[in-house]
Amino acid sequence: MSTADLISVFLSIELQSYGLYILSTLYRDSESATASGLTYFLLGGLSSCFILLGSALLYVNSGTTNLDNIYVIS
């Protein structure tokens with residue numbers, strides 16, 4: 001990982017997942033592809049909420065979003 005900030009890590013994960021959402025619904029004629037793409041999108045949104053919640057808890061406890069400083073504090 002080339003970044004040491006929680007916000008950058010979250011944004012990079014989210015930007016990568018957008019491409020995968022598009023690829024999972026590539027065949028629009030197939031009902032199963034559309035359903036699986038929607039399910040993947042909803043589960044991805046749920047996991048993003050958990051990542052944001054965990055990042056917020058780390059920020060509240062440490063006062064920083066820098067991963068090196070969080071490691072030193074803990």
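Out of everything in region 24-41 that is of a type outside the set (Lys, Arg) and loosely packed, with under 10 Cβ neighbours inside 10 Å, what residue ends up being nearest to LEU11 (Cα to Cα)?
Top of the filtered list is LEU26.
So in region 42-61, with the set limited to residues that are surrounded by fewer than 13 Cβ atoms within 10 Å (Cβ to Cβ) and polar (S, T, N, Q), which one is nearest to the chain's Cα centre (by Cα)?
Result: SER47.
Check THR3, THR39, THR64 and return the single one that is assigned to a loop (DSSP other than H, G, I, E, B), under 16 Å from the mean Cα position of the chain (by Cα) and not small (Gly, Ala, Ser).
Among THR3, THR39, THR64, only THR3 is assigned to a loop (DSSP other than H, G, I, E, B), under 16 Å from the mean Cα position of the chain (by Cα) and not small (Gly, Ala, Ser).
Looking at region 10-36, which of the residues that are touching a residue at least 12 places away in the same chain (Cβ under 8 Å) and part of a helix (DSSP H, G or I) is nearest to TYR71 (Cα to Cα)?
Once the filter is applied, the top-ranked residue is PHE10.
Read-outs: derived from the displayed coordinates by stated rules, not from any lab. No experiment lies behind these values; they were computed from the predicted model shown. A quick note on method: Cβ atoms are made from the backbone with ideal geometry, for glycine too, and the neighbour counts reach across all protein chains shown.
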